[in-house]
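What follows is one structure encoded as structure tokens, with my remarks underneath.
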């Protein structure tokens, strides 16, 4: 790694699974000298300190980002407008800002509005990695290895800023892919945001059964595999779904239509129609989801 791309001071705002893993990966790659963690929960920051995820904890964003080389915002996307607004007055012209948000159009709009003259220092990004666990205790340095990292630089984005962010994610082991913001939100509305809505809804449906305890006590791997992601942060996914609702609502409608097709076949006792529905899904899974691993 060229010396000019070494990060002397990294600030991670939101030291959760993503932000914490980013810090650990860069430490493991010896690309960063000092990591400052910013968060709302003192307990989580203490966990991050004990695990060596961060070197110093801060609760004041403005104080933390002063003279930073790189700032990663790993907080829920609904918090980003306020974070941009608080950091903008104290940002050094040399500080590069990036994010890990699961939506991009709303984040870019907020950054352009609140960062003002510092907007060219911002490189929108999204690591396609995660688990159902959250917080600094869930972070680990291999999270991003061989996973896609979406970069969405804007026309105003400084080339040097993009180079630094790209180099940081490459040091984490990620593969770099560039997308336009609208394309990103449409794609991940379908393959990430919709599955989370489905998982949360399915758990709620079963939990409201009159005999839910007994019912769920007999659940096996099929249900656990299907609803694993319902263990994810409700706050984070609330913000993601609201931010991307323009893409997500039609996707939910389409899924409801698929369920209605299955219901009609069940109600009619139409085994051929049901088998055709299942076979089509099986072929699609084999073609797109199994071989692509």
Item checked: Test: residue in the range 85-101 that is within 20 Å of residue 180 (Cα to Cα), out of contact with any helix residue (DSSP H, G or I) (no Cβ under 7 Å at 6 or more places or on another chain) and at pLDDT 95 or above -> no
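May I ask you to say which residue of 88, 48, 64, 68 is in contact (Cβ under 8 Å) with a residue 24 or more places away in the chain and farther than 18 Å from residue 26 by Cβ?
Every option except 88 fails the conditions.
In the range 103-128, what count of residues is obtained for those that are in a loop (DSSP other than H, G, I, E, B) and closer than 21 Å to residue 163 by Cα?
Initial filter on the range 103-128 (in a loop (DSSP other than H, G, I, E, B)): 103-104, 124, 128.
Now restrict to residues that are closer than 21 Å to residue 163 by Cα: 104, 124, 128.
Going through the range 103-128 one residue at a time, the tally reaches 3.
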Next item on the list: Would you mind stating whether residue 123 is within 18 Å of residue 32 (Cβ to Cβ), surrounded by 23 or more Cβ atoms within 10 Å (Cβ to Cβ), modelled with pLDDT of 95 or more and touching a helix residue (DSSP H, G or I) at 6+ places or on another chain (Cβ under 6 Å)?
Entry: yes
Note to self: Among (1) surrounded by 16 or more Cβ atoms within 10 Å (Cβ to Cβ); (2) over 27 Å from residue 66 (Cβ atoms); (3) in contact with a strand residue (DSSP E or B) (Cβ under 6 Å, 6 or more places away or on another chain), there is one condition residue 177 misses while meeting the rest; what is its number?
What the structure shows: (1)
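The values are calculated or read from the model by the stated rules, or taken from the named source; none is laboratory data. In this text the structure is predicted, and so the values were computed from the model without any measurement. Cβ sites come from the backbone with ideal geometry, for glycine too, and all protein chains shown count toward neighbours.
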